[in-house]
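Every number here is computed from the coordinates shown, using simple stated rules; none is lab data. Computed from a predicted model, the values in this text were never measured in an experiment. Here Cβ is always computed from backbone atoms with ideal geometry, including for glycine, and neighbour counts include all displayed protein chains.
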Amino acid sequence: MKKIFTPLICLIFVGILLALGLNLRVSAVKDRYHYETTGEIMWEIKTEEKVVALTFDDGPHPKHTAEILDILSNYDAKATFFVVGENAEKNSDLILRQYNEGHEIANHTYTHPLKTTLAKLEKELKQTDEIIFSITGTYPELFRPVEGQYSDQMIQSVVKKGYRVIMWSWHQDTEDWKNPGIHRIEKTVLKGVKPGNIILFHDGGGNRRQTVEALEKIIPELKEQGYEFVTVSELIKMKHVQTK
Ligand SMILES: [Zn+2]
């Protein structure tokens with residue numbers, strides 16, 4: 001009895017492990033390597049050319065977005081704004097200004113929900129697209145998920161709808177939304193910056209005075225180092241040129 005019992009327990013145990021493993025593999029989110037290979041999500045590009053993409057999430061904010069646009073304009077720098085639809089609706093003048101000054105406007109949902117269903121996300125993307133179109137006459141091509149959280153199902157769905165999903169360089173997350181201090185924001189960007197990086201800032205979601213003040217130092221410093229500031233779509237085009 002004992003002789004049969006032990007292998008049986010082992011067999012059941014192995015069976016459970018296999019089932020768990022299989023299940024995990026099925027539900028796991030595909031990683032950066034996978035999505036960089038397919039080109040469906042972008043974190044940054046590798047290039048020798050001294051370019052970076054400044055990106056701003058969660059705006060427009062009536063005060064801080066205007067201040068940021070002033071700084072960008074002073075240095076002839078282009079940026080990409082991942083806007084929240086309900087803020088875009090309230091600040092259409094700033095969306096128009098972003099567009100007229102050559103910046104890129106991209107979709108960052110309508111209400112910035114941290115958790116939502118796929119159906120609701122699709123609805124929010126469409127709502128924000130229509131708002132941007134009603135102001136600028138063009139539809140955004142890029143989408144950044146809230147907090148960078150994604151599932152394979154989400155990526156499949158948004159890619160099918162024609163969006164390119166944009167994250168940011170992992171070492172270029174300024175965490176400016178936490179108000180960590182001007183110096184900290186500045187240091188995060190300047191210490192590890194490399195050509196082709198996508199830098200993450202926020203122009204909305206709270207008091208962004210630190211972001212504005214840090215930018216006043218970061219932009220001239222990077223310019224001094226020979227960097228040019230391009231939109232994310234411009235960066236994508238450079239990537240295509242490279243891989244040809
Ligand atoms: Zn956000």
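Helical content of the chain, expressed as a calculated mean residue ellipticity at 222 nm, amounts to -16000 deg cm²/dmol (DSSP H runs of 4 or more residues, -39,500 (n - 2.57) each, divided by residue number, nearest 500). Using θ = phi - 60° in the Karplus curve 6.51 cos²θ - 1.76 cosθ + 1.60, the 3J(HN,Hα) couplings for the range 179-186 round to 6, x, x, 4, 4, 5, 4, 4 Hz; x is entered for Gly and Pro.
For a 26 Å ceiling on Cα separation, which of these pairs sit above it: 187/223; 90/126; 194/217; 90/191? Long pairs (Cα-Cα over 26 Å): 90/191. Protection proxy ranking for 112-120, 42-50, 140-148, using the average of other Cβ atoms within 10 Å per residue and placing the highest first: 140-148, 42-50, 112-120. Overall dimensions of the chain, expressed as equivalent-ellipsoid semi-axes from the Cα gyration tensor (√(5λ), whole Å, largest first), are 39, 22, 18.
Evaluated with a Cβ-only charge set (Lys, Arg +1; Asp, Glu -1), the chain carries a dipole of roughly 1300 debye about its Cα centre, given to the nearest 20.
Protection proxy ranking, highest mean first, for peptides 82-91, 226-235: 82-91, 226-235, where packing is the per-residue count of other beta-carbon atoms within 10 Å, averaged.
Label separation (residue 70 vs residue 223): 1.5 nm, computed from points 7 Å beyond Cα along the C-beta direction. Taking amide H atoms as placed 1.01 Å from N in the peptide plane, the amide H of residue 166 lies under 5 Å from those of 42, 143, 144, each 5 or more residues away in sequence or on another chain.
Do you know the relative contact order of the range 30-89, to the nearest whole percent, from alpha carbon pairs under 8 angstrom that are 6+ apart? It would help to have the intermediate numbers written out before the result.
Working: 42 pairs, mean separation 21.9, N = 60.
About 36 percent, as a whole number.
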